[in-house]
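Accompanying notes for the structure given below.
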Amino acid sequence: LTIGAVFWIYGRDLPSHESLAQYKPPTISRIYSGEGRIVDEFARERRLFTGAKDVPILIKQAFISAEDKNFYSHPGYDLRGILSAAVDAARSGGRRVRGASTITQQVMKNFLLDGSRTIERKVQEIILAARIERSMSKERILELYLNEIFLGQNSYGVAAAAQTYFNTALSDLTPAQAAYLAALPQRPARLHPVRDYDDAVERRNYVLREMFENGYITREVMEDSQASELET
């Protein structure tokens, strides 16, 4: 009853998740020459919107491995992950606090809620995530996430980030490059490929290991990718 009352109180007057169905993100404006070449680009948020069906499966697998390995099976929130994070925080006396937000929760935070780190906001995030999972497909939720996420260097979304860091299309990214992009959401300002090279490679290699353990890549691909240089 107590838990139900808490969710009822925090569930009132929440923003409508229905607006996500009409989501049209700001994208790059481009000027072309008469020969069809790009002359210049303008954007407050550098973004190239890419529909879910056009995002290569490798990219989806990399981000799911890095951020939410149970994405396709949970109802919007990962109760096991939340409990595990709470236990770790309690055992460390509050020194080791890690996030347990699913991709769906991150979409709710980015679109409909502020970025505050409070219990009230976390409860609201879970409520909205459960609601959106009942009204929107997993692929649509992943599409919103992959196009909205900030990945550093004024790049929003995976398509813009692929061009910014590797000057290539999503379909041409290698597993190592995809893993690096998937490593960026948690701390894009501190995983710069030049200034923070060692940390960037370490986090990239962690994502590659997760991709292997989830069955998305072979051990050989993982080891070859981990041994490769991070070239941008």
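The values are calculated or read from the model by the stated rules, or taken from the named source; none is laboratory data. Small disclaimer: the values here were computed from a predicted structure and weren't measured. Every residue, glycine as well, gets a Cβ built from its backbone with ideal geometry; the counts of neighbours run over all protein chains shown. Quick note on the areas: whole protein, heavy atoms, side chains included, nothing else; ligands and nucleic acids left out. Shrake-Rupley method; radii C 1.70, N 1.55, O 1.52, S 1.80 Å.
Checking GLY94, GLY115, GLY99 one by one, the residue that is modelled with pLDDT under 75, on the phi > 0 side of the Ramachandran plot and either not in a helix (DSSP H, G or I) or not aliphatic (A, V, I, L, M) (or both) is GLY94 and no other. The residues in region 68-77 that are open to solvent by 30 Å² or more (accessible area, probe 1.4 Å) and within 14 Å of the chain's Cα centre (by Cα) can be counted, and the count is 2. Residues that are among the polar types (S, T, N, Q) and open to solvent by 10 Å² or more (accessible area, probe 1.4 Å) number at least 1 in the following helices (runs of 4 or more DSSP H) confined to region 130-200: 158-166, 175-183. Please indicate, with yes or no, whether at least one residue in region 46-61 is closer than 25 Å to TYR180 by Cβ, open to solvent by less than 50 Å² (accessible area, probe 1.4 Å) and either at pLDDT below 65 or among the small types (Gly, Ala, Ser) (or both). Within region 46-61, one or more residues are closer than 25 Å to TYR180 by Cβ, open to solvent by less than 50 Å² (accessible area, probe 1.4 Å) and either at pLDDT below 65 or among the small types (Gly, Ala, Ser) (or both). Of the residues contained in region 78-87, none is found to be open to solvent by 50 Å² or more (accessible area, probe 1.4 Å), modelled with pLDDT of 65 or more and under 29 Å from SER155 (Cα atoms).
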